[in-house]
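Enquirer: Here it is: the structure, laid out below.
Here, each number is a calculation from the coordinates, and none is a lab measurement. Model, not experiment: these values are computed from the prediction. All Cβ positions, glycine included, derive from the backbone under ideal geometry; neighbour counts span all protein chains shown.
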2 protein chains.
Amino acid sequence: MSKKKKKKNTKIKPRVPRGFRDLFAGEIIPRDKMLQRIRRVYELHGFEPLETSALEYVDVLGKFLPESDEPDGGIFALQDDDEQWISMRYDLTAPLSRVVSQYRLDLPNPFRRYQIGPVWRQEKPGPGRFRQFYQCDFDTVGSKSPAADAEVCSVMCKTLETLGLEKGDYIIRVNNRKILTGVLDAIGLEEDSTAEGAKHRLTILRAVDKLDRLGEDGVEELLGKGRLDKSGDYTDGAGLPAEAADIVMQFIRAGNHDRKQVCKRLRALVGESQTGLEGVEELEVIDELLTSMGYESDRVIFDPSVVRGLAYYTGPVFEAELTFEVLDKKGNKRSFGSVAGGGRYDGLVKRFTGQEVPATGASIGIDRLIAALQAKEMMDTKPPLGPIVVTVMDKKRLGDYQKMVAKFRDAGMPAELFLGNGGFPKQMKYADARHSPVAIIAGSDEFDNDQVSIKDLRLGAELSEEITDREEWIKNQPAQVTVPMDEMVSETQKILDRYTK
Amino acid sequence: MSKKKKKKNTKIKPRVPRGFRDLFAGEIIPRDKMLQRIRRVYELHGFEPLETSALEYVDVLGKFLPESDEPDGGIFALQDDDEQWISMRYDLTAPLSRVVSQYRLDLPNPFRRYQIGPVWRQEKPGPGRFRQFYQCDFDTVGSKSPAADAEVCSVMCKTLETLGLEKGDYIIRVNNRKILTGVLDAIGLEEDSTAEGAKHRLTILRAVDKLDRLGEDGVEELLGKGRLDKSGDYTDGAGLPAEAADIVMQFIRAGNHDRKQVCKRLRALVGESQTGLEGVEELEVIDELLTSMGYESDRVIFDPSVVRGLAYYTGPVFEAELTFEVLDKKGNKRSFGSVAGGGRYDGLVKRFTGQEVPATGASIGIDRLIAALQAKEMMDTKPPLGPIVVTVMDKKRLGDYQKMVAKFRDAGMPAELFLGNGGFPKQMKYADARHSPVAIIAGSDEFDNDQVSIKDLRLGAELSEEITDREEWIKNQPAQVTVPMDEMVSETQKILDRYTK
């Protein structure tokens, strides 16, 4: 009992769950401007908005542990009051495949939608790694045309350029999953359809995926006998004979800035494999379409080392990477890496309907993009301008002050009455904390003469840094003007115009 | 094993969890326009945006069961991987009080924020009752001034009127919690500070809150001995003597359209109670300020029967109600009731800091508002216009078609290449499903003459309803024009201009 009582009197610590954060005006306003631009690009391309709910059934997300009724890790799952497992969505693709299956008779075919919204992942949080973050997805479901894949690349380019990035600031790397399949067919590996074959191929895919981290030598070891890392851990290799491993390595190295040449090399490597040839032909069509749309290899290249995780992709895959570096505060170089990615996934809808439905699209993550654009000074980092603050000099005149506030609002200018407690210095401190451009002052002097004083707070701050003679300053108040009451709005507008210049 | 195997092969049913829903373009676009307008009103009033995360610690939400470590019902709660209980937010006020406590030294004082976003409640779903819905909150934390309360009323009026409602379509009812406290003091009830007193007063508050449902007679019974309802259930009463109950009934009935007169009556009823007098005086200031801002009793009235649930309010409470009725499809009258509400809550921050912080604000719920505005035909219910569809007449010319699409996009006109599979009829069916205004057609005839055909799809639909001679129609194609390729964009623009008129 005493324990319970103690608990009741304990104050609660105000804190946000691990890996989560609060966003304030200074972060929300520039982010929303950015999202608005992204949305506009998606809409120009004919994608329409979709908003699925935050919670989904765990089986819909494909997130039950294999052969079990327990949800997999990595998601925020709970049991609903009817005992069914539900989870917060961890991406926007699984909900899309659910929507397409659920409403398929009512949706246009192809179905082209975008969705911008938060997703939640129960992963280890870290600096810059949050458990709730925004994704901006666009997808075309119901088209097997490589034109849809080429469009994904062009939308990624268009979006990044709309945000201010230029050719050379980024590169889109494209690969096709079918080609590695073809290469592995060509070297005589067992088919994907047997458990043995699938496992073997996955090992090779994993090895290729480590190119960034381990370099070519590391991948070569993993394709062969295996690899001993610095910590002494040994990873078993795929056990390919040297000749076969060499072909895979040629495949990995086949990327360069001449898309046609890449296709030629890949064609040679896939030999007679039908799947591999299909993959190369798709890339050839994508190349042609991109060229006709004006997207040359300074923006989109073919790079067979791109794997895009081990997930559900079945054809072309895409990755957008920022290529520039900036110096951080300590003078160290900093790069930003991948900011968007996607690919073709023809199997996701099949889980529901049993029928394969071709689909392709990509997802743009905004957190790294925001960091990169801020580092390039292409995003506003200034605190947003606060409202005009009408100060309270005489508490009996609240009604008059409110009328003044209303005049500003009617003119479309954000304004408010100071609602706190405190004299003039405290009111100025408040206006300062809000980054208000202007404070309005009316005491009995002003009211008697039907006048009002307007204080330009930015000019005031600038001047006060320069002044040497404080008394002189106070006497002259260079940043303050007194005008007739009916000129209050127009005179204030003049000051605001100077701010926005 | 066989059971598991069977499970693996079972198709997953595409469905959304109970009480949740998907929103498509036709719902999202008008809703977002509406939210944009609401946001603009809040910003004009000096509120700045805040975005808290979807998940909060359960103790922060104040949602542990009394004297227990188990979360209360009504919320979607789960244990994080560190065993701590977290929950999806069920409103935007608890997160605000957390934010104010957590960052209090860094925030402007008063802190004026708005937050628009979904909240989640694990309640019984029903028609029009969802478990995820949007709230639009604005609050001023750190001001005890009745001017802040008056402003809440004016923001509610402004918001509803910005959305198209007029005086007479809605009414804001205002009460003050302190007044009932004063009335109960005046009739000699035990103080709130004793367990006995608090319980007794809560019973009376609950009785008053049932006025809508039970009428005056029902409330009177609940204030006295108790009440037997039609189903035979008996509810114990508050046991007030007839004289005391009569005073409470006078209090309930004191509302009318003359705010000053209401204040006078209430002043008489609270007698010598200090708290009651405070409450009346606050209403008097609110009345004055509202009058000076032009909000007369055709928009804001004082109504002592407004209780606003039994929650955390400590002073003025507000409720916005739509007053008009519409006829539904069956010809039955339908009203919409409360669409917004709020009040003053001076105790919420205290849970964290131990110090009382004055706060006031309101929350606008958009679902009923949308239903009401749609019923009044003040909200667009037409499906949103789809993109211009460039049809594919010759698959070898995909590059040329993409260039045409690019011309539209460059001119700021949403457009897309038909990416599906199928001939002309299927492409027209697609354009129709997307509510596209225009289809672009270019076959070898057109390309040979450097021309393009533009099909006005709405005009086509209108004309095809009128036609009697189908062959004549097909020959003349009155809704289709063929123009030089370099006039494609400008000619299409002319058709689009007709659409937006």
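Enquirer: Taking a label point 7 Å from Cα toward Cβ, how far is B:GLU123 from its twins in the other copies, in nm, shortest first?
Expert: Here the equivalent label points are 3.6 nm apart from this one.
Enquirer: Return the subset of A:LYS63/A:LYS210; B:LYS13/B:LYS33; A:LYS13/A:LYS333 for which the Cα-Cα distance in this structure is over 29 Å, preserving the input order.
Expert: Over 29 Å apart, Cα to Cα: B:LYS13/B:LYS33; A:LYS13/A:LYS333.
Enquirer: Continuing with the same structure: Towards the positive end of the charge dipole of region B:388-500, with charges on Cβ (+1 Lys, Arg; -1 Asp, Glu), say which of B:SER453, B:MET485, B:ILE440 has the farthest Cα.
Expert: B:ILE440
Enquirer: Note down the nm distance, to one decimal, between modelled labels 7 Å out along Cα→Cβ at B:LEU65 and at A:ASP328.
Expert: Placing both labels 7 Å beyond Cα along the Cβ direction yields 4.7 nm.
Enquirer: Based on DSSP H runs of at least 4 residues, each adding -39500 (n - 2.57), what is the mean residue ellipticity at 222 nm of the protein assembly as shown after dividing by all its residues, to the nearest 500 deg cm²/dmol?
Expert: -12500 deg cm²/dmol
Enquirer: Then there is this: What distance in nm separates the simple spin-label points at B:ASP497 and A:THR10, each placed 7 Å from Cα in the Cβ direction?
Expert: Simple spin-label model gives 7.1 nm for this pair.
Enquirer: Run the label-point distances for A:ASP298 please: 7 Å along Cα to Cβ, every other copy, nanometres, shortest first.
Expert: So the label point of A:ASP298 gives 6.5 nm to the other copies.
Enquirer: Report the closest approach of any chain A C-beta to the axis of the A-to-B rotation: residue and distance, in whole angstrom.
Expert: Spelled out as residue then distance in Å, it is A:LEU78, 2.
Enquirer: Turning to a different aspect of this structure: Residue by residue, what Karplus-based ³J(HN,Hα) values in Hz, rounded to whole numbers, does region B:107-115 have, using 6.51, -1.76 and 1.60 with θ = phi - 60° and x for Gly and Pro?
Expert: Karplus values, whole Hz, x for Gly and Pro: 8, x, 10, x, 9, 10, 10, 10, 9.
Enquirer: Nearest 0.05, what FRET efficiency do B:TYR103 and B:ASP400 give at R0 = 56 Å with Cβ-Cβ as r?
Expert: Computed FRET efficiency for B:TYR103 and B:ASP400 comes out at 0.45.
Enquirer: Additional query: Can you put B:VAL392, A:VAL183 in order, fewest other beta carbons within 10 Å first?
Expert: B:VAL392, A:VAL183
Enquirer: Could you name the aspartates and glutamates in cross-link range of A:LYS350, using Cα to Cα under 17 Å and dropping any fewer than eight places away on the same chain?
Expert: Counting by Cα, and skipping residues close in sequence, A:LYS350 has these aspartates and glutamates nearby: A:ASP59, A:ASP139.
Enquirer: Using 17 Å as the cut-off for backbone N distance, which residues of region A:304-324 belong to the label zone defined by a point 7 Å from the Cα of A:ASP229 along Cα→Cβ?
Expert: Zone members listed by number: A:309-310.
Enquirer: Sorted from fewest to most neighbouring beta carbons within 10 Å, what does the list B:ARG173, A:ARG351, B:ARG129 look like?
Expert: In increasing order of surrounding Cβ atoms, one gets B:ARG129, A:ARG351, B:ARG173.
Enquirer: Give the relative contact order (percent, whole number) for region A:71-181; include only Cα pairs under 8 Å separated by 6+ residues.
Expert: The value is 20 percent.
Enquirer: Just to be sure I understand: of the beta bridges DSSP finds with both ends in region B:388-500, what percent are antiparallel, rounded to 5?
Expert: That works out to approximately 65 percent antiparallel.
Enquirer: Are there GluC sites (Glu not before Pro) in region A:166-239 that DSSP marks as loop and that have at most 15 other Cβ atoms within 10 Å, and which are they?
Expert: The qualifying sites are A:GLU166, A:GLU190, A:GLU191.
Enquirer: Just report the Cα centroid separation between region A:196-252 and region B:296-361, whole Å.
Expert: 65
Enquirer: Any chance you could run the full-extension gain for A:ARG206 through A:LYS376? It's 0.36 nm times the residue separation minus the Cα-Cα distance, nm to one decimal.
Expert: Taking 0.36 nm per residue and subtracting the Cα distance, the gain is 57.8 nm.
Enquirer: Measuring from a point 7 Å out along Cα→Cβ, what nm distances, shortest first, does A:LYS230 have to its partners in the other copies?
Expert: The answer, with the shortest distance listed first, is 7.9 nm.
Enquirer: Which of the GluC sites (Glu not before Pro) found in region A:355-433 are loop residues per DSSP with 13 or fewer other Cβ atoms within 10 Å of their Cβ?
Expert: A:GLU356, A:GLU377
Enquirer: What nm distance separates the two modelled labels at A:ASP91 and B:PHE447, each placed 7 Å from Cα along Cα→Cβ?
Expert: 3.7
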